[in-house]
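The structure under discussion appears below in the form of structure tokens.
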Amino acid sequence: MDNAATTRMCPAAVQAMQPYLTEFYGNPSAMYQAGRRAREAVRRSRDIISAMLGAKPDEIVFTSGGTEADNWALTAVLEAKKEQGNHIITSRIEHPAVLRTCEYLSRVRGAEITYLEPDENGVIRPETAAAAIRPDTILMSVMTANNEVGTLQPVAELGRLAHANGILFHTDAVQAFGHMPLSADEMEIDLLSASGHKFFGPKGCGFLYIRKGAGIGSMIRGGAQEYNRRAGTENVPGIVAMGAAAEEAEQWMEDRMRHETELRDYMIGRMRTEIPGVQLNGHPERRLPNNVSLQFPGISAESALIRLDLQGIAASAGSACSTGSLEPSHVLLAMGRSREEAFQSLRFTLSYETTRDEVNQVVEAMKQICNHGSCMETK
């Protein structure tokens, strides 16, 4: 029940990866046969991923994951557009990979950052973004789907708004890519970040889509790999596995979305009907198919997670990247929730493998936890 944190590698990805760990271990930059075989495998994955976005293959640059891609997008735009301005627009509910990069750019590189406030459902409204645009604005960065509450953002509208004002538009699509249809052109996206282990691929592998003509530079300098944009020998097994996972995700996307949406709505319905006072976090309709974020009045999320874990149920109180933090969710606080309400919220994220029986097991466990009274103390 924590597939937003990571997913199990699908069999197709595991099978595709294995030969490149042992038998076909050539360096893609080598000119001999083993190198050509590895290079061709990387090319095929690039073709699969670019086609899913309606992009050109050379607009996909492989990275170590979504965090690197987010860091690269923001840092490179500031460097490339410094003659035009230093103002970046983002939102209060972004992943730490974006927020902490913006903090660094402000503190060390002199960037000026405007943080957009969401509404009570976690939506960044285009009119709010429009009001923040200045003559020196060079980039707008708003995530496609929130990793904690699942709210989908009006990315196409924000992209059009950015382009109408001569601004580059970046979106962190780590939770969305492979789970819902995305089109770089239709959504007017210049830069898009994604991570393989969020859509049943391997950890340590992701990509950054860079629209041709965006004019941003390299993140890692050295060799000529990745069209001279990211130096270093490619993670061939990871890239191959990520490509296989992406191909399978596209093939079964409609069925997976239907299955997850049905289970999501069933789970939300049971929780709200059978446990008094339960409130949904995030937009009731415009949300990821697999995201169930709920507030359970009177419980401590930390204690509830321990109780769930003892029953073999994995869930979370928010972003996996914030585990160990004693602070409440920055996303829920930005949406207007109190600290107490934030500490009473849990996130359950499903997958195509999740069954109705498993959902029922979780609902019954939460009913027991909420009735037990042993975890009523909140921070």
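The values are calculated or read from the model by the stated rules, or taken from the named source; none is laboratory data. Predicted model, so just to flag it, every value in this text is computed and none were measured. With ideal geometry, Cβ positions are generated from the backbone for all residues, glycine too; neighbour counts draw on all protein chains shown.
So the values come out like this:
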| read-out | value |
| --- | --- |
| Among the residues listed as 98, 149, the single one being among the β-branched types (Val, Ile, Thr), more than 27 Å from residue 45 (Cβ to Cβ) and under 13 Å from the mean Cα position of the chain (by Cα) | 149 |
| Filter pass, residue 134 being free of Cβ contacts under 8 Å to residues at least 24 places away in the same chain and surrounded by fewer than 24 Cβ atoms within 10 Å (Cβ to Cβ) | no |
| Hits in the range 203-222 - residues which are surrounded by fewer than 23 Cβ atoms within 10 Å (Cβ to Cβ) and farther than 20 Å from residue 79 by Cβ | 203, 204 |
| Filter result for residue 334 (over 15 Å from residue 347 (Cβ atoms), among the small types (Gly, Ala, Ser) and within 17 Å of the chain's Cα centre (by Cα)) | no |
| Condition broken by residue 321, with the remaining ones in (1) of a type outside the set (Lys, Arg); (2) surrounded by fewer than 22 Cβ atoms within 10 Å (Cβ to Cβ); (3) at pLDDT 95 or above satisfied | (3) |
| Qualifying residue in the range 226-240 (condition: assigned by TED's automatic domain parsing to the domain that holds residue 36, under 23 Å from residue 7 (Cβ atoms), within 17 Å of the chain's Cα centre (by Cα) and not aliphatic (A, V, I, L, M)) | no |
| Conditions (1) touching a helix residue (DSSP H, G or I) at 6+ places or on another chain (Cβ under 8 Å); (2) surrounded by fewer than 16 Cβ atoms within 10 Å (Cβ to Cβ); number of the one not met by residue 238 | (2) |
| Scan of the range 124-146 for residues that are β-branched (Val, Ile, Thr) and either over 17 Å from the mean Cα position of the chain (by Cα) or not assigned by TED's automatic domain parsing to the domain that holds residue 78 (or both), ordered by number | 128, 133, 137, 138 |
| Test: residue 152 is within 24 Å of residue 213 (Cα to Cα) and in the same structural domain as residue 191 (by TED's automatic domain parsing) | no |
| Single residue of the range 152-186 satisfying the filter (within 21 Å of residue 45 (Cα to Cα) and surrounded by fewer than 24 Cβ atoms within 10 Å (Cβ to Cβ)) that is farthest from the chain's Cα centre (by Cα) | 185 |
| Filter result for residue 378 (of a type in the set (Ser, Thr, Tyr), assigned to a loop (DSSP other than H, G, I, E, B) and at pLDDT below 95) | yes |
| Contacts under 7 angstrom Cβ, first residue in the range 329-341 being on the phi > 0 side of the Ramachandran plot and not assigned by TED's automatic domain parsing to the domain that holds residue 302, partner surrounded by 14 or more Cβ atoms within 10 Å (Cβ to Cβ) and not polar (S, T, N, Q), 6 or more apart | none |
| Of the criteria (1) under 20 Å from residue 21 (Cβ atoms); (2) crowded, with 16+ Cβ neighbours inside 10 Å; (3) of a type outside the set (Val, Ile, Thr), which one residue 232 fails | (2) |
| Failed criterion for residue 262 (all others in (1) in a helix (DSSP H, G or I); (2) in the same structural domain as residue 51 (by TED's automatic domain parsing); (3) surrounded by fewer than 17 Cβ atoms within 10 Å (Cβ to Cβ) hold) | (2) |
| First in the range 287-314 and in a loop (DSSP other than H, G, I, E, B), second anywhere and modelled with pLDDT of 95 or more and hydroxyl-bearing (Ser, Thr, Tyr), Cβ under 7 Å, 6 or more apart | 289/261; 290/349; 290/351 |
